[in-house]
1. Would a scan of the range 12-33 turn up a residue that is assigned to a helix (DSSP H, G or I) and modelled with pLDDT under 85?
2. Which condition number in (1) modelled with pLDDT of 95 or more; (2) over 19 Å from the mean Cα position of the chain (by Cα); (3) of a type in the set (A, V, I, L, M); (4) more than 17 Å from Glu45 (Cβ to Cβ) is the one that Ala154 fails?
3. Name the residues in the range 71-93 that are within 24 Å of Ala154 (Cα to Cα) and either over 22 Å from the mean Cα position of the chain (by Cα) or not basic (Lys, Arg) (or both), would you?
4. Every residue in the range 120-134 that is buried (at least 17 other Cβ atoms within 10 Å of the Cβ) and of a type in the set (Asp, Glu), please.
5. Return a yes/no flag: does the range 207-223 have any residue that is of a type in the set (Val, Ile, Thr), part of a strand (DSSP E or B) and in contact with a helix residue (DSSP H, G or I) (Cβ under 7 Å, 6 or more places away or on another chain).
6. Of all residues in the range 193-212, which are of a type in the set (A, V, I, L, M), touching a residue at least 40 places away in the same chain (Cβ under 8 Å) and surrounded by fewer than 23 Cβ atoms within 10 Å (Cβ to Cβ)?
7. Only one of Lys65, Lys69, Lys113, Lys107 is exposed (fewer than 12 other Cβ atoms within 10 Å of the Cβ) and at positive phi. Can you tell me which?
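The values are calculated or read from the model by the stated rules, or taken from the named source; none is laboratory data. This structure is a prediction, so every number in the text was calculated from the model and none was measured. Please note: Cβ atoms are built from the backbone with ideal geometry, for glycine as well, and neighbour counts cover all protein chains shown.
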Amino acid sequence: MKKSILIVVLQLIFTSCSAQHKDIIIKQKKHLKMNIPNITKENIEVPNLSDLLKAENERIFEKTKDSSKLLKKNDNELVLEYNDFGYKYQDGKLVLIGGRKDDDIQKAIPRRKEHFNSAKEFTQNLQTTIEFYPNENVHMIRHQINTPNGYYPAGNWYVYDEFGNLLQHIDHEKHFKMSYYDVTEIADTYDYSTIRISRIFDANKSYWIIQMNGLQDEPIEPKTIIIDDKTGKILFDMNQENFNNFQGFEQMETYGEKLYKKFKYKL
(Lines give C-alpha, C1' and ligand atoms only; values in the text may rest on other atoms or scores of the structure.)
Protein backbone atom coordinates (compact mmCIF):
# COMPACT_ATOMS: atom_id res chain seq x y z
CA MET A 1 0.00 0.00 0.00
CA LYS A 2 2.85 2.40 0.81
CA LYS A 3 4.22 1.96 -2.72
CA SER A 4 0.80 2.65 -4.21
CA ILE A 5 0.39 5.69 -2.00
CA LEU A 6 3.91 6.97 -2.64
CA ILE A 7 3.11 8.42 -6.02
CA VAL A 8 -0.40 9.70 -5.49
CA VAL A 9 1.07 12.92 -4.06
CA LEU A 10 2.35 13.89 -7.48
CA GLN A 11 -1.15 14.88 -8.55
CA LEU A 12 -1.14 17.49 -5.80
CA ILE A 13 2.02 19.25 -6.89
CA PHE A 14 1.63 19.68 -10.64
CA THR A 15 0.42 23.26 -10.20
CA SER A 16 3.21 24.25 -7.80
CA CYS A 17 6.26 22.46 -9.22
CA SER A 18 8.57 24.63 -11.32
CA ALA A 19 10.51 21.74 -12.87
CA GLN A 20 11.49 22.10 -16.51
CA HIS A 21 8.90 20.97 -19.06
CA LYS A 22 10.08 18.83 -21.94
CA ASP A 23 8.08 18.99 -25.14
CA ILE A 24 8.05 15.31 -26.05
CA ILE A 25 4.94 13.55 -27.29
CA ILE A 26 4.56 9.92 -28.34
CA LYS A 27 4.52 9.93 -32.14
CA GLN A 28 4.74 6.19 -32.70
CA LYS A 29 1.71 4.03 -33.40
CA LYS A 30 -0.28 3.42 -30.26
CA HIS A 31 0.01 -0.01 -28.71
CA LEU A 32 -3.14 -1.82 -27.66
CA LYS A 33 -3.86 -2.16 -23.96
CA MET A 34 -3.91 -5.58 -22.36
CA ASN A 35 -7.27 -7.35 -22.08
CA ILE A 36 -8.42 -7.30 -18.45
CA PRO A 37 -11.61 -9.28 -17.73
CA ASN A 38 -14.28 -7.56 -15.68
CA ILE A 39 -14.77 -10.18 -12.98
CA THR A 40 -17.59 -9.54 -10.50
CA LYS A 41 -19.25 -11.67 -7.86
CA GLU A 42 -22.02 -12.37 -10.37
CA ASN A 43 -19.80 -13.95 -13.03
CA ILE A 44 -17.05 -15.71 -11.05
CA GLU A 45 -16.76 -19.32 -12.14
CA VAL A 46 -15.95 -21.61 -9.23
CA PRO A 47 -15.60 -25.32 -10.08
CA ASN A 48 -17.05 -27.91 -7.75
CA LEU A 49 -14.51 -28.89 -5.09
CA SER A 50 -15.21 -32.58 -5.60
CA ASP A 51 -14.47 -32.26 -9.33
CA LEU A 52 -11.25 -30.38 -8.62
CA LEU A 53 -10.15 -33.03 -6.11
CA LYS A 54 -10.97 -35.85 -8.48
CA ALA A 55 -8.93 -34.34 -11.30
CA GLU A 56 -5.99 -33.56 -9.01
CA ASN A 57 -5.99 -37.00 -7.41
CA GLU A 58 -6.00 -38.62 -10.84
CA ARG A 59 -2.86 -36.66 -11.69
CA ILE A 60 -1.24 -37.53 -8.37
CA PHE A 61 -1.97 -41.23 -8.66
CA GLU A 62 -0.86 -41.37 -12.30
CA LYS A 63 2.45 -39.83 -11.27
CA THR A 64 3.10 -41.65 -7.98
CA LYS A 65 0.91 -44.79 -8.00
CA ASP A 66 0.62 -44.16 -4.26
CA SER A 67 -2.95 -43.87 -2.93
CA SER A 68 -1.65 -42.56 0.41
CA LYS A 69 -0.71 -39.29 -1.30
CA LEU A 70 -4.24 -38.57 -2.48
CA LEU A 71 -5.89 -35.40 -1.21
CA LYS A 72 -9.04 -35.35 0.91
CA LYS A 73 -11.86 -32.84 0.99
CA ASN A 74 -11.44 -32.26 4.73
CA ASP A 75 -7.69 -31.56 4.56
CA ASN A 76 -6.76 -28.40 6.45
CA GLU A 77 -5.49 -26.70 3.31
CA LEU A 78 -5.88 -27.48 -0.37
CA VAL A 79 -4.48 -25.64 -3.38
CA LEU A 80 -5.96 -26.89 -6.64
CA GLU A 81 -5.56 -25.68 -10.23
CA TYR A 82 -8.10 -25.36 -13.01
CA ASN A 83 -8.09 -23.29 -16.23
CA ASP A 84 -5.00 -21.27 -15.27
CA PHE A 85 -6.42 -20.36 -11.87
CA GLY A 86 -5.42 -21.60 -8.44
CA TYR A 87 -8.10 -22.31 -5.81
CA LYS A 88 -7.16 -22.29 -2.14
CA TYR A 89 -9.39 -24.03 0.39
CA GLN A 90 -9.09 -24.09 4.15
CA ASP A 91 -11.10 -26.73 6.03
CA GLY A 92 -13.17 -27.30 2.90
CA LYS A 93 -14.05 -23.62 2.38
CA LEU A 94 -12.85 -21.49 -0.54
CA VAL A 95 -10.73 -18.58 0.71
CA LEU A 96 -8.75 -17.43 -2.33
CA ILE A 97 -8.60 -17.60 -6.13
CA GLY A 98 -5.46 -16.43 -7.88
CA GLY A 99 -4.42 -16.38 -11.51
CA ARG A 100 -1.72 -15.01 -13.78
CA LYS A 101 -2.26 -14.27 -17.46
CA ASP A 102 0.38 -13.34 -20.03
CA ASP A 103 -0.27 -10.48 -22.43
CA ASP A 104 -2.22 -11.85 -25.40
CA ILE A 105 -2.30 -8.53 -27.28
CA GLN A 106 1.27 -7.29 -27.47
CA LYS A 107 4.47 -9.29 -27.91
CA ALA A 108 7.45 -8.43 -25.73
CA ILE A 109 9.45 -5.45 -26.96
CA PRO A 110 13.27 -5.67 -26.75
CA ARG A 111 15.05 -2.71 -25.18
CA ARG A 112 17.16 -0.65 -27.54
CA LYS A 113 20.25 -1.31 -25.45
CA GLU A 114 20.98 -4.15 -23.05
CA HIS A 115 22.00 -3.24 -19.51
CA PHE A 116 23.75 -5.61 -17.14
CA ASN A 117 21.42 -7.09 -14.54
CA SER A 118 18.37 -5.44 -16.14
CA ALA A 119 15.48 -6.94 -18.09
CA LYS A 120 16.30 -7.19 -21.80
CA GLU A 121 12.72 -6.57 -22.92
CA PHE A 122 9.49 -4.92 -21.87
CA THR A 123 6.75 -7.41 -20.96
CA GLN A 124 3.62 -7.48 -18.84
CA ASN A 125 1.23 -9.97 -17.30
CA LEU A 126 -1.99 -9.75 -15.34
CA GLN A 127 -2.28 -10.96 -11.75
CA THR A 128 -5.84 -11.55 -10.50
CA THR A 129 -6.70 -12.07 -6.82
CA ILE A 130 -10.16 -12.89 -5.46
CA GLU A 131 -10.68 -13.21 -1.70
CA PHE A 132 -13.64 -14.72 0.14
CA TYR A 133 -15.31 -14.32 3.53
CA PRO A 134 -15.64 -17.31 5.90
CA ASN A 135 -19.19 -17.78 4.54
CA GLU A 136 -17.58 -18.13 1.05
CA ASN A 137 -19.17 -14.93 -0.27
CA VAL A 138 -16.80 -12.77 -2.33
CA HIS A 139 -14.88 -10.19 -0.35
CA MET A 140 -12.52 -8.51 -2.85
CA ILE A 141 -11.62 -8.74 -6.53
CA ARG A 142 -8.38 -7.10 -7.66
CA HIS A 143 -6.12 -7.06 -10.70
CA GLN A 144 -2.54 -5.95 -11.00
CA ILE A 145 -0.25 -5.43 -13.99
CA ASN A 146 3.19 -6.93 -13.33
CA THR A 147 6.18 -5.84 -15.43
CA PRO A 148 9.97 -5.96 -15.12
CA ASN A 149 9.58 -2.25 -14.36
CA GLY A 150 7.24 -2.48 -11.39
CA TYR A 151 3.56 -3.13 -10.88
CA TYR A 152 0.37 -1.11 -10.49
CA PRO A 153 -3.40 -1.63 -9.91
CA ALA A 154 -5.36 -2.35 -13.08
CA GLY A 155 -8.83 -3.21 -14.30
CA ASN A 156 -11.96 -3.20 -12.18
CA TRP A 157 -11.61 -3.64 -8.41
CA TYR A 158 -14.61 -4.58 -6.27
CA VAL A 159 -15.09 -4.98 -2.54
CA TYR A 160 -18.29 -6.41 -1.00
CA ASP A 161 -19.66 -6.89 2.49
CA GLU A 162 -20.36 -10.37 3.89
CA PHE A 163 -23.90 -10.27 2.49
CA GLY A 164 -22.85 -9.53 -1.08
CA ASN A 165 -23.55 -5.79 -1.11
CA LEU A 166 -21.11 -3.69 -3.13
CA LEU A 167 -19.05 -1.38 -0.92
CA GLN A 168 -16.72 0.16 -3.50
CA HIS A 169 -15.76 -0.12 -7.17
CA ILE A 170 -12.68 1.35 -8.86
CA ASP A 171 -12.34 1.21 -12.64
CA HIS A 172 -8.66 1.98 -13.18
CA GLU A 173 -8.68 1.67 -16.96
CA LYS A 174 -11.31 4.32 -17.65
CA HIS A 175 -8.78 6.95 -16.57
CA PHE A 176 -6.04 5.93 -19.01
CA LYS A 177 -5.61 6.12 -22.80
CA MET A 178 -1.95 5.12 -23.04
CA SER A 179 -0.73 1.57 -22.65
CA TYR A 180 2.27 0.34 -20.70
CA TYR A 181 4.15 -0.14 -23.98
CA ASP A 182 3.43 3.44 -25.06
CA VAL A 183 5.19 4.59 -21.90
CA THR A 184 8.13 2.22 -22.34
CA GLU A 185 8.85 3.81 -25.72
CA ILE A 186 9.50 7.08 -23.90
CA ALA A 187 11.42 5.41 -21.07
CA ASP A 188 13.67 3.56 -23.48
CA THR A 189 14.91 6.80 -25.05
CA TYR A 190 16.77 7.45 -21.78
CA ASP A 191 19.94 5.45 -21.20
CA TYR A 192 19.21 4.13 -17.71
CA SER A 193 19.77 0.61 -16.41
CA THR A 194 16.82 0.61 -14.02
CA ILE A 195 13.36 1.84 -15.00
CA ARG A 196 10.29 1.83 -12.76
CA ILE A 197 6.88 2.65 -14.27
CA SER A 198 3.69 3.46 -12.37
CA ARG A 199 0.61 5.60 -12.85
CA ILE A 200 -1.76 7.82 -10.88
CA PHE A 201 -5.16 9.40 -11.46
CA ASP A 202 -7.98 11.37 -9.92
CA ALA A 203 -11.43 12.25 -11.19
CA ASN A 204 -10.09 14.53 -13.92
CA LYS A 205 -6.42 13.78 -14.58
CA SER A 206 -4.19 10.77 -15.19
CA TYR A 207 -0.42 10.54 -15.33
CA TRP A 208 2.37 8.00 -15.84
CA ILE A 209 5.48 8.16 -13.68
CA ILE A 210 8.87 6.87 -14.86
CA GLN A 211 11.58 6.68 -12.22
CA MET A 212 15.07 5.87 -13.54
CA ASN A 213 18.33 4.94 -11.86
CA GLY A 214 21.72 3.62 -12.80
CA LEU A 215 23.31 0.62 -11.19
CA GLN A 216 25.36 1.11 -8.04
CA ASP A 217 28.66 1.63 -9.84
CA GLU A 218 27.23 3.88 -12.58
CA PRO A 219 27.92 7.62 -12.18
CA ILE A 220 24.47 8.63 -13.38
CA GLU A 221 21.95 10.83 -11.59
CA PRO A 222 18.47 9.43 -10.89
CA LYS A 223 15.67 11.01 -12.91
CA THR A 224 11.87 11.13 -12.70
CA ILE A 225 9.62 11.68 -15.74
CA ILE A 226 5.92 12.58 -15.46
CA ILE A 227 3.71 12.07 -18.53
CA ASP A 228 0.24 13.39 -19.24
CA ASP A 229 -1.73 10.28 -20.19
CA LYS A 230 -4.21 12.19 -22.36
CA THR A 231 -1.56 13.76 -24.62
CA GLY A 232 1.56 11.62 -24.18
CA LYS A 233 3.49 14.80 -23.39
CA ILE A 234 6.26 14.88 -20.79
CA LEU A 235 5.21 17.42 -18.18
CA PHE A 236 8.16 17.12 -15.84
CA ASP A 237 11.73 15.89 -16.30
CA MET A 238 13.44 16.28 -12.93
CA ASN A 239 16.51 15.18 -11.03
CA GLN A 240 16.50 13.43 -7.67
CA GLU A 241 16.89 16.66 -5.68
CA ASN A 242 13.78 18.23 -7.21
CA PHE A 243 11.84 15.03 -6.70
CA ASN A 244 12.92 14.84 -3.05
CA ASN A 245 11.82 18.45 -2.49
CA PHE A 246 8.24 17.79 -3.52
CA GLN A 247 5.68 18.98 -1.00
CA GLY A 248 2.46 17.25 -0.01
CA PHE A 249 3.48 13.77 1.17
CA GLU A 250 0.91 13.97 3.96
CA GLN A 251 -1.82 14.76 1.43
CA MET A 252 -0.57 11.89 -0.71
CA GLU A 253 -0.93 9.40 2.10
CA THR A 254 -4.39 10.69 2.98
CA TYR A 255 -5.57 10.43 -0.64
CA GLY A 256 -4.22 6.92 -1.09
CA GLU A 257 -5.65 5.65 2.17
CA LYS A 258 -9.04 7.07 1.28
CA LEU A 259 -9.08 5.60 -2.24
CA TYR A 260 -7.98 2.10 -1.24
CA LYS A 261 -9.20 2.04 2.36
CA LYS A 262 -11.65 -0.81 1.83
CA PHE A 263 -9.19 -2.81 -0.30
CA LYS A 264 -6.54 -3.55 2.34
CA TYR A 265 -5.06 -7.03 2.03
CA LYS A 266 -6.13 -9.38 4.77
CA LEU A 267 -4.46 -12.62 3.61
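1. Yes, the range 12-33 has at least one match.
2. Looking at each condition in turn, Ala154 falls short on (2).
3. The answer is Glu81, Tyr82, Asn83, Asp84, Phe85, Gly86, Tyr87.
4. Glu131
5. Yes, that holds for at least one residue.
6. If the condition is that a residue be of a type in the set (A, V, I, L, M), touching a residue at least 40 places away in the same chain (Cβ under 8 Å) and surrounded by fewer than 23 Cβ atoms within 10 Å (Cβ to Cβ), then Ile209 is the only one that fits.
7. Result of the check over Lys65, Lys69, Lys113, Lys107: Lys65.
Matching residues to (1) under 23 Å from Thr194 (Cβ atoms); (2) touching a Lys or Arg at 6+ places or on another chain (Cβ under 8 Å); (3) at pLDDT 95 or above:
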residue: Gly98; (1), (2), (3): no, yes, yes
residue: Ile105; (1), (2), (3): no, yes, no
residue: Arg111; (1), (2), (3): yes, yes, no
residue: Thr147; (1), (2), (3): yes, no, yes
